[in-house]
1. Pairs under 6 Å by beta carbon, first residue polar (S, T, N, Q) in region 23-36, partner in a helix (DSSP H, G or I), six or more apart or different chains?
2. Restricting attention to region 6-28, and to residues there that are modelled with pLDDT of 80 or more and of a type in the set (A, V, I, L, M), which single residue is nearest to Ser47 (Cα to Cα)?
3. Quick one: is Ala44 modelled with pLDDT of 80 or more, over 15 Å from the mean Cα position of the chain (by Cα) and surrounded by 10 or more Cβ atoms within 10 Å (Cβ to Cβ)?
4. Out of (1) open to solvent by 100 Å² or more (accessible area, probe 1.4 Å); (2) in contact with a strand residue (DSSP E or B) (Cβ under 7 Å, 6 or more places away or on another chain), what's the single condition that is false for Arg60?
5. Restricting attention to region 5-41, and to residues there that are within 23 Å of Asn125 (Cα to Cα) and of a type in the set (Lys, Arg), which single residue is surrounded by the most Cβ atoms within 10 Å (Cβ to Cβ)?
6. Tell me, which residue of region 121-149 that is in a loop (DSSP other than H, G, I, E, B) and touching a residue at least 60 places away in the same chain (Cβ under 8 Å) is most open to solvent (accessible area, probe 1.4 Å)?
7. Restricting attention to region 87-107, and to residues there that are open to solvent by less than 100 Å² (accessible area, probe 1.4 Å) and outside any helix (DSSP H, G or I), which single residue is modelled with the highest pLDDT?
Amino acid sequence: MMGGRKSFKPQVTQWIAETSQAISLIQTNELDCTIAPTNRVRSAQESGVSIDFSFDHCVRGTEYFCVLKGSKRKEAAMRFCEFVTRAPQQATMTVKTSIALSVREYDKLDEKVQRWIPDPNNPRNVITDDEYWADHFLELDKRFKEWILT
């Protein structure tokens, strides 16, 4: 970061506490850009808000399905997990929910679907490391809160 790691801090007028704030702060011109879930951006667009987004430099998360140990319906649950992770089902869920799911076979998807999901082949995108955050969240959360107060 230019000028040291605190150089942008004086420009921050408000930290976002809830995801819904990202869109409302854009609407009131209190923010020029932010990180926001695609379903919130799409909903705002559909209600007439002049807002758009880019997946050019994207921080992507991961989603998980799990089956509880000892489940009496393990086989059915495993079949469901296999079904919903197929590319067509992922694409359908992306269109219906406007949530950017990681879809296999991205290049085969309709442009309407691609609009709402990051290109998994974009080298400028990063994927969050859940193991790292699981191991370091408390420490980093504390450091961030201390940094905000200084």
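1. Thr34/Ala22
2. Across region 6-28, the extreme among qualifying residues is Ile23.
3. yes
4. (1)
5. The residue in question is Arg40.
6. Among them, the one singled out is Arg124.
7. The selected residue is Ile99.
The values are calculated or read from the model by the stated rules, or taken from the named source; none is laboratory data. Small disclaimer: the values here were computed from a predicted structure and weren't measured. Glycine also receives a Cβ, built like all others from the backbone with ideal geometry; neighbour counts cover every protein chain displayed. For the accessible areas, the whole protein counts, side chains as well, though only heavy atoms, and no ligand, DNA or RNA atoms are used. Shrake-Rupley method; radii C 1.70, N 1.55, O 1.52, S 1.80 Å.
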